[in-house]
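Asker: Encoded as structure tokens, here's the structure I'll be asking about.
The values are calculated or read from the model by the stated rules, or taken from the named source; none is laboratory data. Everything quoted here is computed from the prediction, not taken from an experiment. Heads up, the Cβs are rebuilt from the backbone with ideal geometry, glycines too, and the neighbour counts pull from every protein chain shown.
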Amino acid sequence: MRFIADLHIHSRYSRATSKDMSPEGIWRSAQLKGISVIGTGDFTHPGWLGELREKTENAGNGLFCLKKEFHADVPASCRAGVHFLLSAEISCIYRKYGKTRKIHCLLFVPDFSDAERINSALSKIGNLSADGRPILGLDAKDLLAIALDASPSGILVPAHAWTPHFSVFGAASGFDALEECFEDLTQHIYAIETGLSSDPLMNRRLSRLDDIMLISNSDAHSPAKIGREANIFDTEISFDSVMNSVKSGEGFAGTIEFFPEEGKYHYDGHRACDVCLPPAETITRNGLCPVCGKRLTIGVMHRVEELADRKEGFRPKGAPSFHSLIPLLEIVAETRKVGVNSKAVQNEYLTLINNLGNEFSILMDLPPETIVRAGFPLLADAIGRMRAGDVSISPGYDGVYGKIRVFGKAEKKEIRGQGMPY
């Protein structure tokens, strides 16, 4: 069975996260997006784990379903089954090889008893109640050892592997190889999460990652961000099937990606001075901001260039496909020339979902003429351009998201007077 899974999100118990990231809110958003399996996030937090126990029930496949009494209203056009997979993200901050390391790791487990065993071990190291994504003074290798002992069928995946400040390969606090981080336990690392600022092609420039699966997830802190990156599986819907696919590639049909330039750490830069530079220019400037002279934040593209042993564009035979998409709300906002959070955009989004089905169906599958017949010719044009990769992007840098557009300035003037139906 072919389905979409987003395995890395956060609950409302994480800092800077929407109060709507409740089991009900996550369940509803997954259906609007077209997601069949969604990570719970934050199972290390006792409050969230208790709420998951209260509001979900075991589906008998290592996954969980929302109890019917907590179901929210969902348009008939996108009603579908949604399964929760127990997941968490841990921030490990520690010293290794004379340097402070800040590594974020994802954990996936099949049942509450496994989660509770992990939580029992981690609660002796730090305060799990302080944040849905706890910060622990724990070597990432030791976290892996704890996870392997507590949940033999669970796995650990390095999160957003290239983010400068908090990742296994990050320029500021990471390593140059998985083996440096996980040492003799590296054999238990089957996959990495590429993160918003890189895509599979960038990662495949490193031959040392040839045996590592590349997964993508949203790291969502609000319902609207769920599914901005995701995975496509062609397996049974079960914990074991999904994890086996992540480990072996069997049944792994590809990923859904941000255009990596839109990610907020793609290029080098200094946000305070509004400076954004490609790697080559950063090198000529010795890594210093041309405005204030301080150190630039080295972005993902630069870091990939440092570690790559292959030329840009290399793609191994048989590598899973990937789809670079722009969230539907962003496309609608551009066609309407107003902000993503405006009432007009929100209304049109719901109209599209009601009439045409879930978001991924609209972005990836529907023929353009179907969207035209529904009364949205400009949107059909924009989606066609996105599918062809015909977009313009100002790259993100130093925590600033990139700006992505499907229409040029001249075209924007032409479409400004075009009304769009609700």
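Asker: Take the residues in the range 353-377 that are among the hydrophobic types (A, V, I, L, M, F, W, C) and farther than 23 Å from ILE232 by Cα; name whichever of them is surrounded by the most Cβ atoms within 10 Å (Cβ to Cβ). Can you show your working first?
Answerer: Step one: filter the range 353-377 for residues among the hydrophobic types (A, V, I, L, M, F, W, C), giving 353, 356, 360, 362-364, 366, 371-372, 374, 376.
Narrowing further to those that are farther than 23 Å from ILE232 by Cα: 371-372, 374, 376.
On the way: ILE371: 22, VAL372: 14, ALA374: 17, PHE376: 24.
My answer is PHE376.
Asker: Now for a different question. Quick check on the range 117-148: of everything there that is more than 19 Å from ALA159 (Cβ to Cβ) and not basic (Lys, Arg), which residue is surrounded by the most Cβ atoms within 10 Å (Cβ to Cβ)?
Answerer: Restricting attention to the range 117-148, the residues satisfying the condition of being more than 19 Å from ALA159 (Cβ to Cβ) are 117, 120-121, 123-124, 127, 129.
Narrowing further to those that are not basic (Lys, Arg): 120-121, 123, 127, 129.
On the way: SER120: 12, ALA121: 17, SER123: 15, ASN127: 11, SER129: 13.
Out of the qualifying residues, it is ALA121.
Asker: Which condition number does SER11 fail, the rest of (1) in a loop (DSSP other than H, G, I, E, B); (2) closer than 23 Å to THR255 by Cβ being met?
Answerer: All conditions are met except number (2).
Asker: Oh, and also: Return a yes/no flag: does the range 175-191 have any residue that is out of contact with any helix residue (DSSP H, G or I) (no Cβ under 8 Å at 6 or more places or on another chain), within 24 Å of PHE258 (Cβ to Cβ) and assigned by TED's automatic domain parsing to the domain that holds GLY98.
Answerer: As a first pass, look at the range 175-191 and keep what is out of contact with any helix residue (DSSP H, G or I) (no Cβ under 8 Å at 6 or more places or on another chain): 180, 184, 187.
Okay, now just the ones that are also within 24 Å of PHE258 (Cβ to Cβ), so none.
Checking the range 175-191: not a single residue is out of contact with any helix residue (DSSP H, G or I) (no Cβ under 8 Å at 6 or more places or on another chain), within 24 Å of PHE258 (Cβ to Cβ) and assigned by TED's automatic domain parsing to the domain that holds GLY98.
Asker: If you scan the range 225-265, which residues turn out to be farther than 17 Å from SER87 by Cβ and among the charged types (D, E, K, R)?
Answerer: Matches in the range 225-265: ASP234, GLU236, GLU250, GLU257, GLU261, GLU262, LYS264.
Asker: Exactly one condition in (1) hydrophobic (A, V, I, L, M, F, W, C); (2) under 30 Å from GLY249 (Cβ atoms); (3) surrounded by fewer than 12 Cβ atoms within 10 Å (Cβ to Cβ) is not met by VAL291; state its number.
Answerer: Going through the list (1) hydrophobic (A, V, I, L, M, F, W, C); (2) under 30 Å from GLY249 (Cβ atoms); (3) surrounded by fewer than 12 Cβ atoms within 10 Å (Cβ to Cβ), VAL291 breaks only (2).
Residues are listed down the side, and each one gets a yes or a no for (1) in contact with a Pro (Cβ under 9 Å, 6 or more places away or on another chain); (2) touching a residue at least 40 places away in the same chain (Cβ under 8 Å); (3) of a type in the set (D, E, K, R):
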position	(1), (2), (3)
VAL37	no, yes, no
LEU49	no, yes, no
ASN58	no, yes, no
ALA72	no, yes, no
CYS78	no, yes, no
LYS99	no, yes, yes
ILE103	yes, yes, no
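Asker: Conditions: (1) under 23 Å from SER218 (Cα atoms); (2) modelled with pLDDT under 95. SER77 meets all but one. Number of the miss?
Answerer: The number of the failed condition is (1).
Asker: Here's a check for you: in the range 44-67, which residue that is in a helix (DSSP H, G or I) and over 19 Å from ALA130 (Cβ atoms) is farthest from the chain's Cα centre (by Cα)? Give the steps one after another, and end with the answer.
Answerer: Quick first cut of the range 44-67, residues in a helix (DSSP H, G or I) only: 46-55.
When the remaining residues are screened for being over 19 Å from ALA130 (Cβ atoms), the result is 53-55.
Numbers: ARG53: 25, GLU54: 27, LYS55: 25 Å.
Only one residue fits best here, namely GLU54.
Asker: Name the single residue that is nearest to the chain's Cα centre (by Cα) among those in the range 94-116 being of a type in the set (A, V, I, L, M) and either part of a helix (DSSP H, G or I) or over 22 Å from SER153 (Cα atoms) (or both).
Answerer: First, pick out the residues of the range 94-116 that are of a type in the set (A, V, I, L, M): 103, 106-107, 109, 115.
Retained after the next criterion (residues that are either part of a helix (DSSP H, G or I) or over 22 Å from SER153 (Cα atoms) (or both)): 103, 115.
Values: ILE103: 16, ALA115: 22 Å.
Ranking the qualifying residues of the range 94-116, first place goes to ILE103.
Asker: Would you say VAL275 is crowded, with 17+ Cβ neighbours inside 10 Å, touching a residue at least 12 places away in the same chain (Cβ under 8 Å), in contact with a strand residue (DSSP E or B) (Cβ under 7 Å, 6 or more places away or on another chain) and assigned by TED's automatic domain parsing to the domain that holds LYS225?
Answerer: Numbers: crowded, with 17+ Cβ neighbours inside 10 Å: yes; touching a residue at least 12 places away in the same chain (Cβ under 8 Å): yes; in contact with a strand residue (DSSP E or B) (Cβ under 7 Å, 6 or more places away or on another chain): yes; assigned by TED's automatic domain parsing to the domain that holds LYS225: no.
Answer is no for this residue.
Asker: Among (1) over 17 Å from PHE407 (Cα atoms); (2) within 19 Å of the chain's Cα centre (by Cα), there is one condition LEU328 misses while meeting the rest; what is its number?
Answerer: Answer for LEU328: the failing condition is (1).
Asker: For the condition outside the structural domain of HIS160 (by TED's automatic domain parsing), under 23 Å from ALA30 (Cα atoms) and either of a type outside the set (Gly, Ala, Ser) or modelled with pLDDT of 95 or more (or both), what is the one hit in TYR349, TYR267? Write out each step before concluding.
Answerer: Values: TYR267 fails: under 23 Å from ALA30 (Cα atoms).
The unique qualifying residue is TYR349.
Asker: Shifting gears a bit: Could you grab me the full set of residues in the range 394-422 that are at pLDDT below 95 and either among the aromatic types (Phe, Trp, Tyr) or not in a loop (DSSP other than H, G, I, E, B) (or both)?
Answerer: The first filter runs over the range 394-422 and keeps only residues at pLDDT below 95, leaving 407-422.
Once the filter is applied, which keeps residues that are at pLDDT below 95 and either among the aromatic types (Phe, Trp, Tyr) or not in a loop (DSSP other than H, G, I, E, B) (or both), the range 394-422 yields PHE407, LYS409, ALA410, GLU411, LYS412, LYS413, GLU414, ILE415, TYR422.
Asker: Follow-up. I'd like the residue in the range 279-303 that is in contact (Cβ under 8 Å) with a residue 24 or more places away in the chain and part of a loop (DSSP other than H, G, I, E, B) and, out of all such residues, is nearest to LEU363 (Cα to Cα).
Answerer: GLY299
Asker: Can you go through GLY174, GLY254, GLY227 and tell me which one is in a loop (DSSP other than H, G, I, E, B), touching a residue at least 12 places away in the same chain (Cβ under 8 Å) and within 17 Å of the chain's Cα centre (by Cα)?
Answerer: Working: GLY174 fails: within 17 Å of the chain's Cα centre (by Cα); GLY254 fails: in a loop (DSSP other than H, G, I, E, B).
Just one listed residue meets the conditions, GLY227.
Asker: Looking at SER91 and the list (1) under 22 Å from ASP131 (Cβ atoms); (2) assigned to a loop (DSSP other than H, G, I, E, B), which single condition is not satisfied?
Answerer: (2)
Asker: Still on this structure, please answer the following. Go through ALA319, ALA344, ALA380, ALA333 for me and flag whichever is surrounded by 15 or more Cβ atoms within 10 Å (Cβ to Cβ), among the small types (Gly, Ala, Ser) and part of a loop (DSSP other than H, G, I, E, B). First the steps, then the outcome.
Answerer: Working: ALA344 fails: part of a loop (DSSP other than H, G, I, E, B); ALA380 fails: part of a loop (DSSP other than H, G, I, E, B); ALA333 fails: part of a loop (DSSP other than H, G, I, E, B).
Selected residue: ALA319, the only one of ALA319, ALA344, ALA380, ALA333 that is surrounded by 15 or more Cβ atoms within 10 Å (Cβ to Cβ), among the small types (Gly, Ala, Ser) and part of a loop (DSSP other than H, G, I, E, B).
Asker: Output yes when any residue across the range 9-27 is closer than 20 Å to GLY154 by Cα and either assigned by TED's automatic domain parsing to the domain that holds SER222 or surrounded by 22 or more Cβ atoms within 10 Å (Cβ to Cβ) (or both), and no when none is. Let's see the steps before the verdict.
Answerer: Looking only at the range 9-27, we keep the residues that are closer than 20 Å to GLY154 by Cα, and these are 9-10.
Filter again for either assigned by TED's automatic domain parsing to the domain that holds SER222 or surrounded by 22 or more Cβ atoms within 10 Å (Cβ to Cβ) (or both), leaving 9-10.
Within the range 9-27, one or more residues are closer than 20 Å to GLY154 by Cα and either assigned by TED's automatic domain parsing to the domain that holds SER222 or surrounded by 22 or more Cβ atoms within 10 Å (Cβ to Cβ) (or both).
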